[in-house]
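Enquirer: First the structure, then my questions, so here it is.
The values are calculated or read from the model by the stated rules, or taken from the named source; none is laboratory data. Quantities reported herein were computed from a predicted structural model and do not represent experimental measurements. Cβ coordinates were reconstructed from backbone atoms using ideal geometry, including for glycine residues, and neighbour counts include every protein chain displayed. Accessible surface areas use protein heavy atoms only, side chains included; no ligands, DNA or RNA. Shrake-Rupley method; radii C 1.70, N 1.55, O 1.52, S 1.80 Å.
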Amino acid sequence: MLKKITAAMFSALLIITCAGCSAKADFEGYSDIKNARKLYSELYSAQLTVTDKETGTVTQELTFRYDTQDNLTYSYYGTDGNTVYYEYHNGSEYNYRSDGEWHTLVSGDENYVAYSRSRKMSMTDEGMIFVKPEIVTSSKITETADGKTIETEYDAAALNSSMASQLGLVGELESFRVIYTLDNDGYCTSMEQIGTAVKDGKQSKVDYLMTIEHMNDVASIEQPEVKDNTDTSKAE
């Protein structure tokens, strides 16, 4: 099977296993985050970038735009530091790069994928803005000239066992916090996830920053430019 974004091949964030919300839970700033998630899912275009702040490496980049028929067009780049992966969809043709070459699939081909407003890609849906309110232990809102920041602390012990590996951590998750930046219109412009873990007495840390830019301001989608001939991904 082909590697696809929907399988979260380079899952730097906790967006797949922990995207759910509990209607019973609440904390200061939760209503703002819920609204920001809704606003994000309603965007017709944006550029999303995930950066590993520990290394300065951009690990994921997605630029998307819905066309006049509400079909999703997008350009994607992802890396785990070794393997690099590219996808490009013009609304009808699904293109992916493997073994140093571009491959094109159309409707009816095996492994063809397509997305729309009603059949969303996970990275364009509200789950991309992580929140798990039932295990938030504290939160703080800071008003700014451009909007506000909401900083949340999570109960690390309550997080599921798969989270550490998703974030690239080794050992027991010791702490986890998320910092959201919202603009004056309620849109999330960035989300930073910071975690620490301990194994054999040694502490490790990850710090991933997701930024959302060019909201409703992407004119067209171009095929991604291959960087430094480092494409080593292979179809599975």
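Enquirer: Do the alpha carbons of any pairs in LYS38/LYS227; LYS53/LYS202; LYS148/LYS205; LYS148/LYS202; LYS148/LYS227; LYS140/LYS227 sit beyond 31 Å of each other, and which pairs?
Expert: LYS38/LYS227; LYS148/LYS202; LYS148/LYS227; LYS140/LYS227
Enquirer: Hey, another quick one. Sorted by average packing, counted as other Cβ atoms within 10 angstrom per residue and highest first, what order do 89-96, 126-133 take?
Expert: The packing order, highest mean first, is 126-133, 89-96.
Enquirer: To continue, here is another question. Sort the following peptides by mean Cβ neighbour count (other Cβ atoms within 10 Å, averaged over residues), highest first: 61-67, 101-107.
Expert: 61-67, 101-107
Enquirer: Let me ask you something else. Which net charge results for the neighbourhood of LEU72, defined as the other residues with beta-carbon distances under 9 angstrom from its beta-carbon, given Lys and Arg at +1 and Asp and Glu at -1?
Expert: +2
Enquirer: While we're looking at this one, here's another question. Run the numbers for SER92 and LYS202: contour at 0.36 nm per residue of separation, minus the present Cα-Cα distance, in nm.
Expert: The SER92-LYS202 span can extend by a further 34.7 nm.
Enquirer: Counting only protein chains, not ligands or nucleic acids, how are ASP80, ASP26 ordered by accessible area (probe 1.4 Å), most first?
Expert: ASP26, ASP80
Enquirer: Something else now. Could you order GLU174, GLU110 by accessible surface area, starting with the largest, using a probe radius of 1.4 Å?
Expert: Heavy-atom accessible area, descending, gives GLU110, GLU174.
Enquirer: Would you mind computing, in nm to one decimal, how far apart the modelled labels at THR57 and GLU143 are, each placed 7 Å from Cα along Cα→Cβ?
Expert: It works out to 4.2 nm between the two label points.
Enquirer: Right, here's the next one. Assuming R0 = 30 Å, can you tell me the calculated FRET efficiency for the pair ASP70 and ASP109, based on Cβ-Cβ distance, to the nearest 0.05?
Expert: 0.85
Enquirer: Go ahead and collect, in residue order, the members of region 191-208 whose backbone nitrogen is under 17 Å from a label point 7 Å along the Cα-Cβ direction of ILE179.
Expert: Counting only backbone N, you get 191-196, 205-208.
Enquirer: Among rounded, prolate and oblate, which fits region 74-186 when a ≥ b ≥ c are the square roots of the eigenvalues of its C-alpha gyration tensor, a/c under 1.5 means rounded, and a/b larger than b/c means prolate?
Expert: prolate
Enquirer: Protein chains only, probe 1.4 Å: how do ARG97, ARG117 rank by accessible area, largest first?
Expert: The most accessible residue leads, giving ARG117, ARG97.
Enquirer: If I model a spin label at ASN216 and GLU151 as a point 7 Å from the Cα along the Cα→Cβ vector, what separation in nanometres do I get?
Expert: So the two model labels end up 3.1 nm from each other.
Enquirer: Here is a further query. At what distance in nm do the modelled label points of ASP80 and ASP26 sit from each other, each positioned 7 Å from its Cα along Cα→Cβ?
Expert: 4.2
Enquirer: Would you mind pulling out the separation of the Cα centroids of region 177-191 and region 74-136, in Å?
Expert: Using only Cα atoms to place each centre, the spacing works out to 24 Å.
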